[in-house]
Amino acid sequence: MDGLLTFLGTGTSMGVPTLGCECAVCSSDDPRDRRLRPSVLLRWREPGQVQERVVVIDTGPDFREQALRNGLTRVDAVFYTHSHADHILGLDDLRPLSFTVFREGGPIPLYASAETIEVLERVYDYTFSPNSTYPTRARVQLHPLAERTALYGVYFLRVPVLHGEMAIAGFRFGRAAYLTDVSAIPESSFALLEGLDHLVISALRHQPHPSHATVKQATGWAERIGARHTWLTHIAHELGHEETNRTLPDGIRLAYDGLSLPVNLREPTQQIELM
Ligand SMILES: [Zn+2]
Ligand SMILES: [Zn+2]
């Protein structure tokens with residue numbers, strides 16, 4: 001079974017162009033230098049099924065625009081990597097899509113760690129509070145993120161990574177993995193990343209940052225993981241698309257908004273030994 005992985009956004013938290021900035025990348029006319037906040041979309045169809053399944057990882061502040069650009073008409077589930085604003089502030093825009101899914105069978109499941117659930121419940125109290133009377137609140141339901149989540153024939157494996165002091169979630173599905181906001185990868189997570197066709201990993205810029213990898217760190221891990229293709233994301237305005245790509249090793253490239261990659265989802269990831 002094959003799926004299609006699409007980059008909804010590849011920018012850092014402020015987006016690129018960054019408001020008020022007139023640097024070369026922020027004023028570039030290369031569309032690949034325009035980056036919405038980081039998120040990906042995975043679509044697939046189970047054998048013999050008509051209904052396409054759609055999973056989104058993170059709903060940042062640009063989610064509505066990303067959904068429009070990519071013709072998104074349904075979302076079957078959302079996985080959250082962590083609770084920072086650039087990854088959660090589009091949750092409310094799930095509302096219209098959630099009404100459709102709700103009529104079909106129930107609320108959209110949102111999978112998140114206990115820490116992320118706590119923040120989501122606070123920020124979106126009008127959605128999650130049992131006393132909420134807001135009639136058009138999103139029909140969504142929070143689920144604690146497990147080590148492995150099965151959805152319509154695809155296994156989503158949680159890949160723990162560090163984001164500064166925070167332990168956050170990356171995900172593996174079939175022969176692809178999505179790791180954003182990474183500053184360190186625990187030794188035990190490398191075992192979950194073997195045999196990848198596509199690795200997506202964040203690389204903010206060249207200068208060190210306390211909670212984000214530099215291009216050098218990310219390419220170092222990418223070379224160790226050895227995926228056939230590595231795509232860098234969560235990119236700041238210090239990195240021009242063309243110019244940076246020219247300096248990267250073979251098989252490692254900057255991702256860009258709208259890039260789609262076919263992904264082999266057949267890999268029985270359930271056989272990977274969990275730490
Ligand atoms: Zn972020
Ligand atoms: Zn973050």
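The values are calculated or read from the model by the stated rules, or taken from the named source; none is laboratory data. These numbers come from a predicted model, not from an experiment. Cβ atoms come from the backbone with ideal geometry, glycine included; neighbour counts cover every protein chain shown.
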| remark: Only unsatisfied item for Pro38, checking (1) buried (at least 19 other Cβ atoms within 10 Å of the Cβ); (2) away from ligand 1 (no atom under 15 Å from the Cβ), is (2)
| For segment 1-31, which residues satisfy the criterion of being under 21 Å from Ser260 (Cβ atoms), touching a helix residue (DSSP H, G or I) at 6+ places or on another chain (Cβ under 7 Å) and buried (at least 18 other Cβ atoms within 10 Å of the Cβ)? | Leu8, Gly9, Val16
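Considering Asp33, Asp76, Asp92, Asp58, which residue is within 16 Å of ligand 2 (Cβ to nearest atom) and modelled with pLDDT of 95 or more?
Numbers: Asp33 fails: within 16 Å of ligand 2 (Cβ to nearest atom); Asp76 fails: within 16 Å of ligand 2 (Cβ to nearest atom); Asp92 fails: within 16 Å of ligand 2 (Cβ to nearest atom).
After applying the criteria, what remains is Asp58.
Test of understanding: among Leu36, Leu5, which residue is within 25 Å of Val123 (Cβ to Cβ) and among the aliphatic types (A, V, I, L, M)?
Working: Leu5 fails: within 25 Å of Val123 (Cβ to Cβ).
None of the others qualify; the one that does is Leu36.
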| note | Of the listed residues (Thr149, Thr127), the one being assigned to a helix (DSSP H, G or I) and either among the β-branched types (Val, Ile, Thr) or crowded, with 17+ Cβ neighbours inside 10 Å (or both) is Thr127
| field | segment 131-146, subset in contact (Cβ under 8 Å) with a residue 40 or more places away in the chain and surrounded by fewer than 22 Cβ atoms within 10 Å (Cβ to Cβ), residue nearest to ligand 2 (Cβ to nearest atom) | value | Leu145
| said: Report every pair of residues separated by at least 6 positions or lying on different chains whose Cβ atoms are under 6 Å apart, first residue within segment 91-119 and at negative phi, second part of a helix (DSSP H, G or I) and hydroxyl-bearing (Ser, Thr, Tyr). | reply: Ile108/Ser98
| request: Go through segment 92-108 and give me each residue that's closer than 16 Å to Gln51 by Cβ and surrounded by 19 or more Cβ atoms within 10 Å (Cβ to Cβ). | output: Leu97, Val101, Ile108
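Just wondering, is there one or more residues in segment 193-205 that are at pLDDT 95 or above, part of a strand (DSSP E or B) and farther than 17 Å from Leu232 by Cα? Please lay out each step first, then the result.
At the first step, the residues of segment 193-205 found to be at pLDDT 95 or above are 193-205.
Checking the rest, the ones that are also part of a strand (DSSP E or B) come to 198-202, 205.
Among the residues that remain, those that are also farther than 17 Å from Leu232 by Cα are: none.
Checking segment 193-205: not a single residue is at pLDDT 95 or above, part of a strand (DSSP E or B) and farther than 17 Å from Leu232 by Cα.
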| message | Is it the case, given these coordinates, that Val119 is assigned to a helix (DSSP H, G or I) and at pLDDT below 95? | response | no
